[in-house]
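The values are calculated or read from the model by the stated rules, or taken from the named source; none is laboratory data. Predicted model only: the values in this text are computed from it and were never measured. Positions of Cβ are backbone-derived with ideal geometry, glycine not excepted, and every protein chain shown enters the neighbour counts.
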Amino acid sequence: MMAIDCQEINNNMEWQGWFSLGLTLMVLITLAFTRISSYLVLMAALTILSVCGIISAPEALAGFSNPGLITVAAMFVVAAGIHASGGVDLLVHHILGHPKTIRQAQMRICLPVAMLSGFLNNTPLVATMIPAVHSLAKKADIAPSKLMIPLSYAAILGGTLTLIGTSTNLVVNGQYQTLTGNPGFSLFSITIISLPVALIGICLIFWIFPRVLPNYRNDPLLDQMREFTLEVAVAQDGPLVGKSVQQAGLRNLKRVYLVEIEREGHILSVVTPDELLKSGDRLVFAGDTEAITDLLRINGLVPSTHEGEPLLAGHQNERRLVEAVISPHSDCIGETIRESNFRGRYGAAVLAVARNGERVAGNLGSIQLQSGDTLLLDARPAFVTRQRYNKDFLLINDLDSEPPRHQHAYLAWGILLGIVVIASFEITSMMNAALLGAAAMIATGCCSANQAQKSLDLGVLITIAASFALGAALQNTGATSLIAEKVVTLSGGEAWLMLVLIYITISILTEIISNNAAAVLMLPVVLDITNTANLNQEPFIFAIMMAASASFATPIGYQTNLMVQGPGDYRFSDFLKVGIPMNIIIGICAIVLITLIYPLRP
């Protein structure tokens, strides 16, 4: 047992320490009970601390140059390269398949997502998987609410598997290096703890979730979407030539269906699953905007062109999808798309047409345009700027979607593998490996510079960087020492009890504020606790990583939970029902494994 003179520390701590504690409490209350963005709250705290002179300018800005933050930013770009090259689509096509039960569907989702999440940022991975999981649910006649939470939870569990699996691990490692001067942890140093925990968590999903998750089948958002007529062509010498409609995966698409095929001037209005596709076939589909965007990601399908129409200038990767509504003053009203020379007149190709929320019969070239028609266009980025105030269009909406670079899919996976190998064998630092990977993704064309720029989640990056300032203030003013002494006293000097208290505190914080902010704020406190009680730091650092990432109980606790809330049509209580038991079981498993694997005292 340890005797601590907390009264002496209380007397020695000056006003700056109490001010930092009070400001931290205000930050936590603001983040928990208001909708103000976390990066705004933490930047306000940084400003106050700097203006009051509690931290110096270098200390206030130290977080923006932290190796962990730079690594997180670079991994955003790497994940963008995997997504933009169609790498995730490649995996989805081969793995999801046609499950017959809820448990089979969950297994096909959770295992690959958990594995990928160990090496890719969770947010773009889940964003890519949501449409695929929605389609899988329709194919298997399963409510999306049975699959969306498992998708998010699998990404969370998988993110703990490696140091680059989640931004929290990278940030904690970077801050640990800064505060202690130690070299930090290797890529797989946490895997010995997180792998068994992840397997237990996935087993819980398979065993309990099919019975406990709600069965919400209504999807009002999709019901309200416009239905377009879309025409695409089978690429010359592409991978779909010679395949049947069924083999090409075009028969059982959801929210979009194949209406007819135009081949050498003849129309096949009844398309059987065994119909073989030929080079240059024009396929007419009907479906909603989101489904059409997914359709255009299929390797082997290209925007259709009609005889006599000029090709759209510019490389395919420089173009994007745009929605435009024909105004009553448009010069092309009453003309067919072919007659209006739409491409030559506006520098954009019509991919799909919707009228009064419904598809228009016939192929695109023969559709006569009317006022109010909604067009889905393949256009250059400048089209939106040039036409936004043109009298021909009432509304232009940039869908910000670029076609995937399927030819680079395997290259993108190779670059990711290279990052893992370089980091695993410590050929260079984690930060350098991530930066090299990000540069390779852009240089090889796996993603464009525009996509790389947009992949950087500035809100997350600023939140992380600003959190460092608050952590520095708590440490410099002695506030962390006071908290550490209180925790040591409360635990009676028992190392295992300190570990439990730390884990519970971070777990609660990460459910009400961001997981990165919770980890950054608590790390200086934990370091002081380990120094005060003469404990090994390593197991406590791993406890921070696990507790900050294990955010299951609320949709606001982790970004992927928030992302699946809408598609799954979940209520707040649905997360509480499955998330609280998940938090408790995962926490017990993590604490037991840490105490069994690592000695808590030297």
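What to note about this one:
- Within the set Leu91, Leu25, the sole residue that is part of a helix (DSSP H, G or I) and free of Cβ contacts under 8 Å to residues at least 12 places away in the same chain turns out to be Leu25.
- Any chance Gly308 is modelled with pLDDT of 70 or more, closer than 20 Å to Ala349 by Cβ and in contact with a Lys or Arg (Cβ under 9 Å, 6 or more places away or on another chain): no
- Residue within region 370-379 that is under 30 Å from Gln177 (Cα atoms), surrounded by 16 or more Cβ atoms within 10 Å (Cβ to Cβ), at pLDDT 75 or above and small (Gly, Ala, Ser) present: no
- Test set (1) at pLDDT 80 or above; (2) assigned to a helix (DSSP H, G or I); (3) not acidic (Asp, Glu) - Pro131 fails condition number: (1)
- Residues in region 37-60 that are touching a residue at least 12 places away in the same chain (Cβ under 8 Å), in a helix (DSSP H, G or I) and aliphatic (A, V, I, L, M): Val41, Leu42, Met43, Ala45, Leu46, Ile48, Leu49, Ala60.
- Residue match in region 531-548 (condition: acidic (Asp, Glu) and not in a helix (DSSP H, G or I)): no
- Filtering region 547-573 to residues that are surrounded by 19 or more Cβ atoms within 10 Å (Cβ to Cβ) and either more than 21 Å from the chain's Cα centre (by Cα) or of a type in the set (Phe, Trp, Tyr) (or both) leaves Phe552, Tyr558, Tyr570.
- Of all residues in region 565-586, those that are assigned to a loop (DSSP other than H, G, I, E, B) have Cβ atoms under 9 Å from Cβ atoms of residues that are among the β-branched types (Val, Ile, Thr), 6 or more apart or on another chain, in Pro567/Ile130; Pro567/Val133; Gly568/Ile149; Tyr570/Ile149; Tyr570/Val564.
- Some residue of region 405-426 being in contact with a Cys (Cβ under 7 Å, 6 or more places away or on another chain), at pLDDT below 80 and either closer than 26 Å to Ser37 by Cβ or of a type outside the set (Phe, Trp, Tyr) (or both): yes
- Any pair with Cβ under 7 angstrom, 6 or more apart, that starts in region 528-545 at a residue that is touching a residue at least 60 places away in the same chain (Cβ under 8 Å) and crowded, with 23+ Cβ neighbours inside 10 Å and ends at one that is not basic (Lys, Arg) and not in a helix (DSSP H, G or I): Phe542/Ile190; Met545/Thr160; Met545/Ile190
- Residue among Ser194, Ser186 that alone is more than 21 Å from Leu136 (Cβ to Cβ), in a helix (DSSP H, G or I) and either at pLDDT 95 or above or among the hydroxyl-bearing types (Ser, Thr, Tyr) (or both): Ser194
- Every residue from region 458-496 that is within 18 Å of Thr24 (Cβ to Cβ) and among the small types (Gly, Ala, Ser): Ala465, Ala466, Ser467, Ala469, Gly471, Ala472, Ala473, Gly478, Ala479, Ser481, Ala484
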